[in-house]
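> Let me begin by handing over the structure; questions about it come next.
Values quoted throughout were computed directly from the atomic coordinates according to the rules given, and no laboratory measurement underlies them. Note that the coordinates shown come from a computational prediction; the quantities given were computed from them, not determined experimentally. Note that we place each Cβ from the backbone using ideal geometry, even for glycine, and neighbour counts take in every protein chain shown.
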Amino acid sequence: MSDSISATGPAAPLSETSPASITEKLAISGMHCAACVQLIEFRLQQLPGIASFRIQPATHTASVRYDGQRLDLRDILNAIVSLGYGAYPAGQEADEQVRKQNRMALLRIFIAGFAMMQVMMFAWPSYLVPNPTADGELTPDQDLLLKLASLAISVPVVFFCAMPFFKSAWRDLKHKHIGMDVPVSLGILLTFFASVWTTFRGGAVYYDSAIMFVFLLLGARWIEQRVQHKATRALRILTQLQPVQARKLPDYPASSREELQDARALNAGDVLLVLPGDQIPADGIILDGDSACDEALMTGESHPVAKQSGDQVTAGSINIQGRLVMRAEQTGHATRLGHLISMMENAASEKPGIVLLADRHASRFLMIIMLVALISGLVWWQIQPERALWIAISVIVVTCPCALSLATPGVMAAAIGLMARNGLLVKSGKALQGLAQATHIVFDKTGTLTNGKLQVQAVTIDGDASTILPLALGMAASSHHPVARSVADYLIAQQNHQAASVQQIHEIAGGGIEAAIDGQVYRFGQASFVAELLGRDPVIPEEWQGKTVSLLANAERVLAAFLLQDQLRDDAVEALQQLRAAGKQICLLSGDQPEPVARIAAQTGIMEAHAQMSPEAKFAWVQNLQRQGAKVVMVGDGMNDGPVLAIADVAVAMGQGAAISQTRSDLLLVSNRLPDLSYGVRAAGVSFRLIRENLGWAILYNLVAIPAAVIGWLEPWHAALGMSLSSLIVVLNALRLYLLSQPEYQLTDDATE
């Protein structure tokens, strides 16, 4: 399989909508550094039929899209295994196998630790008496006996405990790739065999250094794995909420016979039974039944949503009350929940620009270090031959290239997981750095700073209400804009209106809805939007001036006018105070009338607020702010926010907002709680600072340690201790993110674990 990998060229582009296009999630084991990721991605992308293959180092998972007619999943798994790594479909991990691997890792650590203590006792006399003599405290025979005992104890450590390093290094060399385990293995083997040589030929031995190196590195990697598990636990919130099983009705409606089936194996068009308490297994439409569903995860709606025949349902939501029969339309990774999970995992694998340079040159750095070690050994061979080998070994062992990228995935995963736990889903890796460096946070008003639940306060009608109000309901119900939805909800609540059938519906961002009925054009929306159809400014009651008003009109006159009022979110003032405390400047851009915009600005303390702004005006305003050097975070929820969200440095969409705003966002505030956004800003700032601290520490350590080893100031055991502690420090530093205080409200119950 490995031969076929290297022989084939890159795969031809494969459309995601192609019938043969298959997307799978894989779990990969055995990766330890950025070089492992680079090797697997490079080799797998050369397989014929692979359209894309991307690894998320934080979760040790991969997303692969391939041509099912040219390749099957078994070929992909075999290709990864042939590189020396473990691979299996995500979600099919064998718990017993994982426990066995953990027990084996602890056994290796125990043996290495026990051997280290014993060899230290045997090495201690030689440190006190470096030159054994016949009449000294340590005779040559006694010295040889201690060295032989150290050799015997070192054998199981080198050839059992250190075996994972050797296998990984051999795999890398076999594929002409330099990974972190290559210098590690060289350091262990050279130290051991050089000590064996000097045991019988005379001279100092460093069995204790070799064993200490193995013990510290095994311990550091085990701690790293535990930290990674903790960091990715929160990142798995959505993954754990993915439906596992579905009740399929293969003979519906002829028979009610049901079959239990893996939810990931469902196909579009399958008819499914969902009982009370079950998860909705796919995105689809209800064929029969009435119920209520908990959609808090996907929409932020805290109350159950009534569902009946013809309504859409979303995978991952919970059926609370009645028995539902549904037809699947999107399944598996194609569901909205699947898309969110993929975006979060991709975001976790993305790295800030300051980190990419270190990862890109990791292998080159390792090769340079080995060259430096060789040159150092040759130079010291001319100066002091007995120290040449040990200095070369110290140079190899002391370097810490893995620290340049080791902690970054952990910090990213921890930050994204904590933010997800608090209702803020990260869809783009750039969002963390963008939030941390943001200077301005710009808010839309309706549905963002306000509840978005506008209530109709008054209605005026010019004509027959039994004709006009159904028309208004038909047009308002076709939109997802908060104003239109409020009018529709109000009319539905009257319980005496049926929506009129409208055709050629067209929604204009920032304006309203245009539709045709029996060849006549109607408009529903803002006064300026309606004025274009009328050819004049519509007449609005004087007491309504400056307030939120929606009009329904044809080319002749205004048929109906709706006065609406929105309320400020209960948590808006608190959240904006927290953002100001974090040094962010707050601005308000709204398409609404001046009076409600001024009222909201006064209540929240926003000094810069602009009303009656079209989508183009918002776009230009933010663009001008960016030209002045500002880093802008845009928070919006409506269709008219799409253009400005696209240009913002970081786009934040509300969970209850329009689909287009969510599509163009980097962050999705599914909880709809603004304090969760302020928490995300703080978490991003801390995580970005931790990444910079880790990089700074790794660079400083190498700048000091490598020259010290070349000069000869470090013994091999010093190098072993320094290398392991350096890696461990950057991993443990990532855990400081968990010290960040969290909001009282959290999306899941297990948030404190």
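> Using 0.36 nm times the number of residues separating Ala254 and Gln382, minus their current alpha carbon distance, what extension gain do you get?
Details: separation 128, 0.36 × 128 = 46.08 nm, distance 9.09 nm.
Fully extending the segment from Ala254 to Gln382 adds 37.0 nm.
> Send over the Kirkwood Rh of the range 140-213, from the inverse of the averaged 1/r over different Cα pairs, rounded to one decimal Å.
Values: mean 1/r = 0.0772 Å⁻¹.
Across the range 140-213, the inverse of the average 1/r is 13.0 Å.
> Let me ask something else about it. Ranking Leu739, Leu568, Leu534, Leu432 by Cβ neighbours within 10 Å, fewest first, what do you get?
Values: Leu739 7, Leu568 15, Leu534 18, Leu432 30.
Arranged by neighbour count, lowest to highest, Leu739, Leu568, Leu534, Leu432 become Leu739, Leu568, Leu534, Leu432.
> I need the peptides 255-262, 518-525, 60-67 ranked by packing, meaning the mean over residues of other C-beta atoms within 10 angstrom, with the highest value on top.
Details: 255-262: 11.8, 518-525: 17.2, 60-67: 21.8.
Peptide ranking by packing, descending: 60-67, 518-525, 255-262.
> Next question. How about Lys167: which lysines have a C-alpha closer than 16 Å to its C-alpha, ignoring those fewer than 8 places off in the same chain?
List returned: Lys176.
> Binning at 10 angstrom from zero up to the longest distance, how are the C-alpha pair distances of the range 497-554 distributed in percent?
22, 51, 24, 3
> For the range 440-498, what does the alpha-carbon gyration tensor say about shape, rounded, prolate or oblate, given a ≥ b ≥ c as the root eigenvalues, a/c under 1.5 as rounded, and a/b over b/c as prolate? Display every interim value, and only then the final one.
Numbers: a/c = 2.78, a/b = 2.50, b/c = 1.11.
It is prolate, given that a/c is not under 1.5 and a/b is the larger ratio.
> Among Trp380, Trp621, which comes first, second and so on when ranked by fewest other beta-carbon atoms within 10 Å?
Numbers: Trp380 20, Trp621 17.
Fewest-to-most ranking of Trp380, Trp621: Trp621, Trp380.
> Fewest Cβ neighbours within 10 Å first, please rank Lys176, Lys547 accordingly. Before the final figure, lay out each step's value.
Details: Lys176 8, Lys547 19.
Listed from fewest to most nearby Cβ atoms, that is Lys176, Lys547.
> What whole number of Å gives the distance from the Cα centroid of the range 664-707 to the Cα centroid of the range 461-489?
47 Å
> Can you tell me which of 680-688, 464-472 comes out highest on packing, and rank the rest after it, using the mean Cβ neighbours within 10 Å?
Numbers: 680-688: 23.1, 464-472: 17.2.
Final packing ranking: 680-688, 464-472.
> Taking R0 as 51 Å, what's the FRET efficiency between Thr460 and Asn267 from their Cβ-Cβ distance, rounded to 0.05? Can you show the working numbers first?
Working: r = 52 Å, r/R0 = 1.01.
The formula returns an efficiency of 0.50 here.
> List the lysines whose Cα sits under 23 Å from the Cα of Lys430, skipping any in the same chain fewer than 8 residues away.
Of all the lysines, those that pass the test against Lys430 - Cα under 23 Å, at least 8 places apart if same chain - are Lys25, Lys230, Lys351, Lys584, Lys618, Lys631.
> So if R0 is 56 Å, what FRET efficiency would Arg201 and Arg689 give, r being the distance between their Cβ atoms, rounded to the nearest 0.05? Walk me through the intermediate numbers first.
Details: r = 52 Å, r/R0 = 0.94.
It comes to 0.60.
> Could you state the per residue volume, in Å³, of the convex hull enclosing the Cα atoms of the range 455-565?
Working: hull volume 10.5 nm³, N = 111.
In the range 455-565, the Cα convex hull volume per residue is 94 Å³.
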